[in-house]
Every structure is written in structure tokens, then in C-alpha cells.
Amino acid sequence: MEFIVNVPENQADFFLELAKNLKFKVEPKATTRKPLTAEQQEWVDDLKESLHQVELHRQGKIKLKTLDELIDEL
């Protein structure tokens, strides 16, 4: 008998380990994604860089500009 089970990504490792321990045969479904356009990839890269800067700021390694400083630049 076959089942389709949607597992949240943050619990996938747990689910796979559980299924293996219960001797179930697990075959993850291959996902197909359309390739990103150049504009979409640029947006993703910019977002990753922004998140990296936020992480560095949280670690105290860099100081980010305040909203007032950004507005003053305009």
C-alpha cells in the first residue's frame, strides 16, 4: 500500500529516521523547480547578502544604519 505524506521541512530528518527504524521503505518525491530568471536570482542573492549582514550585526561584528541614516541619504 502506498501513502503520500507531506512532512514539514524542519521535521523531515526526524520523519526519515523514524521511518527507517520502523523498516518502512521511504522514497522522497523528487521536486521539480523551474530555474530562476536572472532577475529572480539577483533578488535571492541580495536577500541572502542582507540576511548575512543582519547575522553579522547580531554578532556585533558590524553596525547597521538606522532608518534615519537611510532617509538622510535620500
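The values are calculated or read from the model by the stated rules, or taken from the named source; none is laboratory data. Quick caveat: nothing in here was measured; it's all calculated off a predicted structure. Neighbour counts run over all protein chains shown; Cβ positions are idealised from the backbone, glycine included. The accessibility values were calculated without ligands, DNA or RNA, using every heavy atom of the protein model including side chains. Shrake-Rupley method; radii C 1.70, N 1.55, O 1.52, S 1.80 Å.
Of the listed requirements (1) outside any helix (DSSP H, G or I); (2) of a type outside the set (Asp, Glu); (3) within 19 Å of the chain's Cα centre (by Cα), Ala12 misses just one: (1). Within the range 47-60, which residues are of a type in the set (Asp, Glu) and either at pLDDT below 85 or within 14 Å of the chain's Cα centre (by Cα) (or both)? Within the range 47-60, Glu49 is the sole residue that qualifies. Picking from residues in the range 11-41 that are β-branched (Val, Ile, Thr) and open to solvent by less than 100 Å² (accessible area, probe 1.4 Å), the one that is modelled with the highest pLDDT is Thr37. Residues of the range 17-53 that are closer than 30 Å to Ile4 by Cα, assigned to a helix (DSSP H, G or I) and either touching an Asp or Glu at 6+ places or on another chain (Cβ under 9 Å) or of a type outside the set (S, T, N, Q) (or both): Glu17, Leu18, Ala19, Lys20. For Val44, are the conditions met, namely being open to solvent by less than 90 Å² (accessible area, probe 1.4 Å) and at pLDDT 90 or above? For Val44, the condition - open to solvent by less than 90 Å² (accessible area, probe 1.4 Å) and at pLDDT 90 or above - is met.
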